[in-house]
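Each remark here refers to the structure printed beneath this line.
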Amino acid sequence: MDARGVTAGFLIMVAAGVVGDWSVRGADSVAVTAGRHARVATFSSPTTVPATRWAPYGVTDAAEDSTSTVVIEPDGRLLTDQWFGATSKGPSICDFRVDFDARLVGPQHVEDAAALGYGYAFAPRGKVKNDVPAGDSLQYDPPFGGLRTVELPSEANDPGHNVHVPQDVQAGRLSHWTVVVEGATAAVQVDGGPSVQMDVGADCGGDLLFRVWNAKLEVSNVVIKKLHRF
């Protein structure tokens with residue numbers, strides 16, 4: 001066999017090895033591009049967050065509906081100067097993936113929806129101090145007709161400069177979220193829609209945080225996976 005034959009055979013073996021490896025890894029693998037070099041990222045075995053791990057903040061009720069589902073809602077007083085939501089301890093790592101299902105039920109007070117709106121937000125690297133949530137979040141916002149990137153707490157009620165991503169979001173729909181955090185960036189997909197890029201800050205750690213207003217939020221099947229790159 002001449003040099004060209006050896007080279008061609010080698011390339012075929014390499015290609016077959018790559019395809020075989022990708023097939024084995026399946027859905028738990030993603031391709032990550034850094035500059036011009038492709039890398040493969042894999043995720044560890046999943047860790048499920050039980051409903052008992054969610055702690056309410058502000059004037060909020062957080063109740064277990066099942067071992068995997070927590071129901072988060074304002075406690076009925078609907079104080080507009082209060083915050084509503086719940087947190088759970090996040091993974092103390094820089095790179096991870098979290099998946100969950102969420103259903104928005106609302107608005108609680110239809111007559112006030114025009115003024116207060118209704119919806120929920122998720123921050124993958126949030127924190128709460130004195131019952132005030134903080135962190136970069138993606139907001140599921142039916143009155144705005146889609147998703148909005150909102151930095152809590154300062155931008156929560158500011159419609160002027162938050163990035164708006166049009167998407168078919170509706171109360172009553174069970175939505176699946178996939179959030180991949182790498183360093184200071186999070187890529188978020190809701191119901192398989194366009195990936196929304198968020199800057200979540202360079203400090204690793206923090207909590208998984210939900211905010212809800214004028215509505216009830218059902219969160220279930222929360223799963224965390226550690227991200228490995230090579």
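Each Lys or Arg adds one and each Asp or Glu takes one away; over the other residues whose Cβ falls under 10 Å from the Cβ of ALA171, this sums to +3. Give the residues of the stretch 199-230 whose amide nitrogen is closer than 19 Å to a point set 7 Å from the Cα of LYS129 in the direction of its Cβ. So the set is 200-211. This ranking places LYS89, LYS226, LYS129 by how few other beta-carbon atoms lie within 10 Å of each, fewest first, which gives LYS129, LYS89, LYS226. Below 12 angstrom from the Cβ of GLY201, what's the summed charge of the other residues (Lys, Arg +1; Asp, Glu -1)? After counting each charged neighbour, the total is -2.
Shown for ARG211, ARG77: other C-beta atoms within 10 Å of each C-beta, ranked fewest to most, produce the order ARG77, ARG211. Using every pair of separate Cα atoms, the Kirkwood estimate puts the hydrodynamic radius of the stretch 44-229 at 16.2 angstrom.
Taken together, the values in this text are just the output of simple stated rules run on the coordinates, not laboratory data. These numbers come from a predicted model, not from an experiment. Counting neighbours? That spans all protein chains shown, and the Cβs are built from the backbone with ideal geometry, glycine included.
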